[in-house]
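Working notes, structure below.
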Amino acid sequence: MRLIREVRCFAEADPTGVLLNTWAGTTAGGDLRTFWTLRATVRGPVDPRTGYLCDVKAIDQLLRGIVAPRLATAPLSGPFWTALGTLLAGKAYSDGAQWCAPPARLAALELKISPHTAMTIREENPDMVHLTQSFEFAAAHRLSCEGLSDAQNAALFGKCSNPHGHGHNYLLEVTVAGPIDERSGSVVDLARLDRAVREHVIEPFDHKNLNVECPDFARLNPTVENIARVIFDRLKGAVQPARLASVRVWETPKTCAECTADDRPD
């Protein structure tokens, strides 16, 4: 079982030196500050007596008392990513792991820097940082299988087999993994990642009919599963020195497909 808890906080302490939890990203006085989200994932068995895996108040203490203060004191005047990378891949995680009383274990720490960018460390390799960046593109497609009649395709795919196609606003989440580079302080240069996704995904797919205008789908049914797989293959060699960990494609707010490095080994 996994239990996930998050706190929302300012990136700098208030005048009392306390980094406060907040919902709206404003101070008591109404001014705006840099606003981040911290999330902890704890795993373990559920206590049969209390029904708890872990008391969320204890997780709050971990995030507010151990992790958040490191954010407040990080030397953000220097390279921005170096400060965050040191925070995440360094002592904050090890301190958090020691805090977690057995049999519960700290499975992951995530720092969400913006609605589109998050950094995560996971229990299996705390020296490796996973960076997730989200993108959007719009495209049309028609789901059909070659060799089936229109009636058979309609029976199989329903409205998605409309002969004239239909469209989606796709949300794309790209996750890369690697150690923090000592010179740049980042897993990967974000501008380079943006360029790679724009060149290999957005420009070829955005506002296109995938069946007609994209050679990748000339003989491949453009289901969300196949779209995720094609995008993974397109980006696989474009994010070095980081490793492409996963590609997740949301076709609708209720449906997504994820392709990982385990699904597409070298």
_So if I take the centroid of the Cα atoms in the range 132-186 and the same for the range 230-266, what is the distance between those two points in Å?_
11 Å
_Whole-percent pair-distance distribution, where bins are 5 Å wide, for the alpha carbons of the range 124-266_ = 2, 10, 18, 21, 17, 13, 8, 5, 3, 2, 1, 0
*Each residue of the range 47-59 in turn: what ³J(HN,Hα) in whole Hz from Karplus with 6.51, -1.76, 1.60 and θ = phi - 60°, glycine and Pro shown as x?*
5, x, 7, 8, x, 8, 7, 7, 5, 5, 5, 5, 5
*Name the aspartates and glutamates eligible as straight-distance cross-link partners of Lys57: C-alpha to C-alpha under 14 Å, and not fewer than 8 places from it in the same chain.*
Glu6
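For the range 134-266, what relative contact order do you get, as a whole percent, if you take Cα pairs closer than 8 Å and at least 6 residues apart?
Working: 204 pairs, mean separation 39.4, N = 133.
Value for the range 134-266: 30 percent.
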*Linear extension gain, Asn209 paired with Arg2, 0.36 nm per residue minus alpha-carbon span*: 70.5 nm
*Per-residue Cβ neighbour rank within 10 angstrom, fewest leading, Arg2, Arg264, Arg219*: Arg219, Arg2, Arg264
_About the Cα centre, and with charges only on the beta carbon of Lys, Arg (+1) and Asp, Glu (-1), how big is the dipole of the range 124-266? Nearest 20 debye, please._
340 debye
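Values quoted throughout were computed directly from the atomic coordinates according to the rules given, and no laboratory measurement underlies them. This one's a predicted model, so the numbers in the text were calculated from it and none came from an experiment. Please note: Cβ atoms are built from the backbone with ideal geometry, for glycine as well, and neighbour counts cover all protein chains shown.
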